[in-house]
1. Given a cut-off of under 8 Å on Cα pairs at least six residues apart, what relative contact order in percent is computed for region 12-85?
2. Given a Förster distance of 22 angstrom, what is the FRET efficiency for PHE84 paired with SER168, based on the Cβ-Cβ distance and rounded to 0.05?
3. Shape of region 94-136 from its Cα gyration tensor (a ≥ b ≥ c, root eigenvalues): rounded if a/c is under 1.5, otherwise prolate when a/b > b/c, or oblate?
4. Of all DSSP beta bridges in the chain, what percent run antiparallel (nearest 5)?
5. With a cut-off of 8 Å between alpha carbons and a minimum separation of six or more residues, what is the relative contact order of the chain in percent?
6. So what are the radius of gyration and Dmax for the Cα set of region 40-84, in Å?
7. Just read off the accessible area of LYS193 with the full protein assembly in place, 1.4 Å probe, to the nearest 10 Å².
8. Accessible area of the chain with a 1.4 Å probe: how many percent of it is carbon plus sulfur?
Amino acid sequence: MSAGSAALAEQLVLLGVRPGARLLAHTALRGTGLRAEELREALTGVLGPAGTLVVPAFTPQNSTTSSAHLERVAGLSGEEVRAFRARMPAFDPQVTPGHGTGVFAEAVRTAPGAVRSAHPQTSFAALGADAARLCSGHPAACHLGEESPLGALCREGGQVLMINVGFSSCTAFHLAEYRIPKPPLRMYECVVKVNLPGGMRGKEWIAYEDVVLDDGDFAEIGGTFPNSRVREGLVGGASAMLFSLAEAVDHALAWMTENRR
C-alpha cells in the first residue's frame, strides 16, 4: 500500500470502516485532491480479503425514458430522434462506462477482479469476497429494489460511505420507494447487447415496468436522519459519513410514508 493510501486507510478506520464489511461507496472527488486509485487501495486494504466494496455504475443515457436521454434529444425533430435512437450504443456490462457516477466508481468498475451487475440502467460494480454473489441476479424490472445488489446489501448488514457528497446522492433511499405500499409504477425502455447466432453480438430494445424513482426529496430525508446514526469525519480532508444502509432505508420509508402523497 502506498504512503498516500496508508494515510487514507487510517482515516477510514477512525471513521468506522472495518475489515469484512460490505460497503456501498458514493464519492465526488473533484476539488478534494483525492486520487481515485489511492482511495480504492485504501478501502480494499481496510476491508481486507473478507470485505466487499460496492459502487454505483449507472447508465441512464441508454434509455429513451430517462431524463438524461430526454435532455439529449430535446429540440430534435421526430426524424432526428429516430436517427439518434438508432445510433445509441447498447448496454454491455463488460465495457459500458458509468454515467455521472464519478471517477472513483469508474476506478472500481475497471479494477482487476471487479464484477458488475447486469441491469441496463442501474448496475453496480463490486470488488471483494462477495462481489460476484451481490452482483448476480439483477433483473431489469428491479432497478433498486429487493432483487438488486442494493436489496442484498440491505439484508446483509451493508453500510454506506459517502465522501464529499450529501444525502441527495444517497441511493439507499431508493430502496424505501419499493417498500411503500402500492408504489407508483411506470414503463422503462433500454437498449442492451445480445448474443446472435455464430458468436456475433447485436442489440435489442427491451421494455419493462418498475417503480417510479424520485430523488427530489432525498436531501430533506437525509436532513432528518438522526445524527446519532451517522459517523462523521474526514477522509483526505474531504467530509465523510458512514452509516447503516438498513437504518437509512427504514428512516426513508417512515419519512416517505408520512410525507409523500
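1. Values: 58 pairs, mean separation 22.7, N = 74.
Averaging sequence separation for qualifying contacts and normalising by length gives 31 percent for region 12-85.
2. Numbers: r = 29 Å, r/R0 = 1.33.
Calculated transfer efficiency: 0.15.
3. Numbers: a/c = 1.94, a/b = 1.24, b/c = 1.56.
Judged from the Cα gyration tensor, region 94-136 comes out oblate (a/c at least 1.5, b/c at or above a/b).
4. Values: 30 of 39 bridges.
Bridges in the chain that DSSP calls antiparallel: roughly 75 percent.
5. Working: 509 pairs, mean separation 57.6, N = 261.
That works out to 22 percent.
6. 19.1, 53
7. So the heavy atoms of LYS193 present about 80 Å² to solvent.
8. Values: 6480 of 12150 Å².
Within the chain, the accessible surface is 53 percent carbon and sulfur.
The values are calculated or read from the model by the stated rules, or taken from the named source; none is laboratory data. Just so we're clear, the structure is a prediction, and the values are computed from it rather than from any experiment. Neighbour counts are summed over all protein chains in view; Cβ atoms, including those assigned to glycine, are modelled from backbone coordinates with ideal geometry. Please note that ligands, DNA and RNA were not included when accessible areas were found on the heavy atoms of the full protein model with its side chains. Shrake-Rupley method; radii C 1.70, N 1.55, O 1.52, S 1.80 Å.
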